Amino acid sequence: MAIKIIDKDFFNRLKKNKGSMAGLFIITFFLFLAIFAPFLSPYNFDQINEGALRLAPFSSHGELSFLLGTDDLGRDLFTRLIFGARISLFIGFAVVILSVTVGGLLGLIAGYYEGYIERTIMRFVDILMAFPSILLAIVVVSVMGPGLLNAIVAVSVVSLPSFIRLVRASVLIEKSKEYVQASRSFGASDFRIMFIEILPNCIAPMIVQATLGFSDGILNAAALGFLGLGAQPPTPEWGIMLADSRAYIEGSPWLVTLPGLCILICVLGFNLLGDGLRDTLDPKLRK
Amino acid sequence: MLTHFLKKMLSLIPTLVGISIISFFLIRLIPGDPVLLLVGERGADPEVYMQMKKNLGLDLPIYQQYFHYIGNVFQGDLGTSIVSKRAVTEEFFGRFPATLELGVCAMVFAILIGIPLGVIAAVKRNSPLDYILMGTSLTGYSMPIFWWGLILILIFSVQLGITPVSGRIDVIYDIPHLTGFYLIDTLSPTVINEEGLMPFFSALKHLILPSIAMGTIPLAITARMTRSSMLEVLGEDFIRTAKAKGLSSTQIVIHHALRNALIPIVTVIGLMFGSIITGAILTETIFSWPGIGKWLVASITSRDYPVIQGGLLFIASMIVFINALVDTLYLLINPKLRQ
């Protein structure tokens with residue numbers, strides 16, 4: 001019997017955790033901006049307003065007004081930031097999906113089958129972990145060429161090891177439990193034991209890791225964008241916006257400040273939620 | 001202990017072989033022809049091209065190239081940079097002190113501030129101060145350091161004008177290359193006789209902002225780790241005994257709790273070497289710091305294959321060795337784990 005981890009009590013406990021509620025609020029806010037981006041701004045993210053270059057926040061040019069000012073090409077900064085939320089959340093989501101499926105599957109196999117399969121997978125993990133994350137991502141991108149999708153693949157490769165190790169560790173614990181032996185004695189197939197019996201019981205740590213994977217994904221992809229190896233202009237990606245405005249740091253500091261602030265707050269939101277989820281899901285901390 | 005260490009070293013061999021295979025073949029996958037880069041893309045004489053290819057050993061089957069490469073690595077030859085025409089090892093060790101100096105300063109910053117913050121948060125558990133400290137450290141942990149570096153420049157260099165924007169030292173000073181660590185080299189007798197302490201302070205000033213930028217995430221990790229490790233220790237019986245003996249709370253926290261809590265903290269700090277290199281790549285790019293990180297990014301942009309390959313091999317092997325060393329040290333300082 002699989003133990004139900006996400007029950008009614010779970011949400012009550014999560015509600016009491018102030019940090020995770022703050023994180024959830026931040027994520028919902030960015031999600032709202034991302035989904036309704038085209039309705040929240042009269043401008044398009046690559047719309048160039050001639051003569052309205054690097055205007056300060058709350059300023060206007062003729063009949064046009066700009067909430068957070070404009071960039072060096074006269075594009076509305078607020079519009080670019082909310083479209084940037086779309087891109088960053090999409091990156092985070094894609095990275096998590098990729099690394100959860102691939103990492104989870106490899107971890108499940110490594111934990112379930114002992115012997116050379118496990119050794120091969122774990123050796124692969126050791127090797128991946130020997131390369132500093134951003135360096136590995138940079139090399140993967142330079143092999144595949146810069147671009148948003150390639151950056152997503154690179155960042156996912158980098159986050160694979162933590163998922164593989166985590167799932168393997170929980171499978172190793174679950175495998176020796178009685179319910180697994182019972183279903184084996186009923187003649188259940190390996191496939192059934194792995195995916196229907198064991199996997200649901202490894203979900204709790206995976207949820208926590210996936211939430212933290214969101215923040216890592218967003219942060220690493222933004223770093224690649226900043227180095228010119230991620231999404232390419234005119235994509236309104238926060239990392240690129242930061243790199244593009246570096247030259248104007250003295251004259252127009254808001255161009256540098258705001259995109260980075262968006263990255264920081266968004267990443268912080270996922271980290272707050274992940275921390276809270278870990279505390280809530282950890283059976284040791286339950287009363 | 002020694003046998004454990006030797007066993008550990010032996011178990012690293014497959015990982016090291018894997019690292020060498022990855023750094024060798026990954027580079028081969030990068031689009032573009034390194035020979036063309038050498039002879040120049042336009043007007044390359046086919047004969048010169050073939051000769052160059054042969055000189056580089058690129059006409060051999062790929063597995064032979066790999067064994068050839070590994071053979072050279074064991075002789076300390078990692079190839080020659082295409083851009084600078086200097087040996088990769090020479091370039092690496094020429095720049096490594098800059099990264100190491102920055103990394104050490106960043107870690108000192110992280111440890112000197114992170115451990116006290118974690119201790120305070122643990123002692124004042126669940127108080128407003130604890131929430132503020134842990135909220136701040138989670139913010140630090142979430143920090144995009146490439147942005148943080150720019151904000152530090154904006155505040156301290158552009159607005160306040162108290163710190164330099166980039167580089168390791170003011171260009172007017174000519175520092176002899178003794179150790180490669182400017183904080184040490186500027187204190188050499190010749191420099192002090194000629195210029196006094198000014199070069200030293202110039203080097204120190206240049207280190208402040210990059211160290212803060214690079215040390216922020218390690219600081220946050222150290223503070224969080226210290227807090228949770230302290231909380232665990234503070235709940236144990238020997239702390240209650242110490243209280244019963246009538247020791248002052250400062251004595252208990254520092255002599256009894258922190259000493260025991262330090263073991264996991266030291267491990268976490270030791271394992272941070274990888275994130276130091278990651279931090280170096282971004283920090284050095286922002287502050288034009290002439291170290292390994294900036295060099296690697298530049299070589300990837302200019303497709304300097306031998307440099308990327310050698311750099312990857314160097315850094316990954318170093319991380320593997322350091323992690324193994326930390327593992328062994330962990331056994332050494334924690335008698336409970338020894339069998």
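Every read-out reported here was derived from the displayed coordinates using simple, explicitly stated rules and does not represent laboratory data. Because the structure is predicted, anything quoted here is derived from the model rather than measured. Here Cβ is always computed from backbone atoms with ideal geometry, including for glycine, and neighbour counts include all displayed protein chains.
On the basis of the beta-carbon distance and an R0 of 22 Å, A:L261 and A:H61 show a calculated FRET efficiency of 0.40. Under the rule a/c < 1.5 gives rounded, and otherwise a/b versus b/c splits prolate from oblate, where does chain A land using the Cα gyration tensor? Taking the square roots of the gyration eigenvalues as a ≥ b ≥ c, chain A is prolate. In terms of the Cα gyration tensor, with a ≥ b ≥ c the square roots of its eigenvalues, is the stretch A:5-143 rounded because a/c is under 1.5, prolate because a/b exceeds b/c, or oblate? Oblate, because a/c is 1.5 or more while a/b does not exceed b/c. How would you classify the protein assembly as shown from its alpha-carbon gyration tensor, with a ≥ b ≥ c the square roots of the eigenvalues: rounded for a/c under 1.5, else prolate if a/b is greater than b/c, otherwise oblate? Rounded is the answer for the protein assembly as shown, as its axis ratio a/c remains below 1.5.
What area, in nm² and to one decimal, does the C-alpha convex hull of the stretch A:103-209 cast on average over all directions?
Directional mean of the projected Cα hull area for the stretch A:103-209 stands at 7.6 nm².
Which net charge results for the neighbourhood of B:M134, defined as the other residues with beta-carbon distances under 15 angstrom from its beta-carbon, given Lys and Arg at +1 and Asp and Glu at -1? Don't jump to the answer; show the numbers that get you there.
Working: positive: A:K18, A:R278, B:K124, B:R125, B:R224, B:R227; negative: A:D275, A:D279, B:D130.
Net charge around B:M134: +3.
In the distance distribution for the stretch B:97-301, Cα-Cα pairs more than 26 Å apart total 45 percent.
Peptide B:267-275 has a mean of 1 when you count, residue by residue, the C-beta atoms of other protein chains within 10 Å of its C-beta. In chain B, the DSSP-assigned H stretches of four residues or longer account for a calculated mean residue ellipticity at 222 nm of -23000 deg cm²/dmol, using -39500 (n - 2.57) per stretch and the full residue count as denominator. Helix A:18-35 and the long axis of chain A differ in direction by around 60°, with both axes built from C-alpha atoms. For the stretch A:176-183, backbone phi angles converted through the Karplus equation (6.51, -1.76, 1.60; θ = phi - 60°) give residue-by-residue couplings of 8, 6, 5, 5, 6, 4, 4, 6 Hz, Gly and Pro being listed as x. Helix A:148-175 axis versus longest C-alpha principal axis of chain A: approximately 30°, rounded to the nearest ten. Peptide A:244-252 has a mean shielding of 2, counted as Cβ atoms of other protein chains within 10 Å of each residue's Cβ.
Mean separation of Cα pairs under 8 Å and 6 or more residues apart, divided by the residue count, gives chain B a relative contact order of 26 percent. Remark on A:L64: its backbone amide H falls under 5 Å from none of the residues 5 or more positions apart or on other chains, H modelled at 1.01 Å from N. Here the Debye sum runs over all C-alpha atoms of the stretch B:14-105 as equal scatterers in vacuum, and log10 of I(q)/I(0) at q = 0.10, 0.15 Å⁻¹ comes out as -0.35, -0.75. Take each peptide in A:57-63, A:171-177, A:217-223, B:273-279, count the other Cβ atoms within 10 Å of every residue, and average; sorted highest first, the result is A:217-223, B:273-279, A:171-177, A:57-63.
Give me the dipole magnitude in Debye, nearest 20, for the stretch B:97-301 about the Cα centre, with unit charges on the beta carbon: positive for Lys and Arg, negative for Asp and Glu.
880 debye
Normalised size of the stretch B:90-206, defined as Cα radius of gyration per 2.2 N^0.38 Å with N residues, equals 1.36. Please determine, in degrees from 0 to 90 and to the nearest 10, the orientation of helix A:133-144 with respect to the longest principal axis defined by the Cα atoms of chain A, where the helix direction is its Cα long axis. The helix A:133-144 is inclined about 80 degrees to chain A. Across peptide B:145-155, the average count of Cβ atoms from other chains found within 10 Å of a residue's Cβ is 5.
Please go through the residue pairs A:K175/B:K8; B:K205/B:K294; A:K16/A:K177; A:K15/B:K243 and name each one whose alpha carbons sit more than 25 Å apart in this structure.
A:K175/B:K8; A:K16/A:K177; A:K15/B:K243
Expressed as a fraction of 2.2 N^0.38 Å, the value expected for a compact globular protein of N residues, the C-alpha radius of gyration of the stretch B:251-299 is 1.76.
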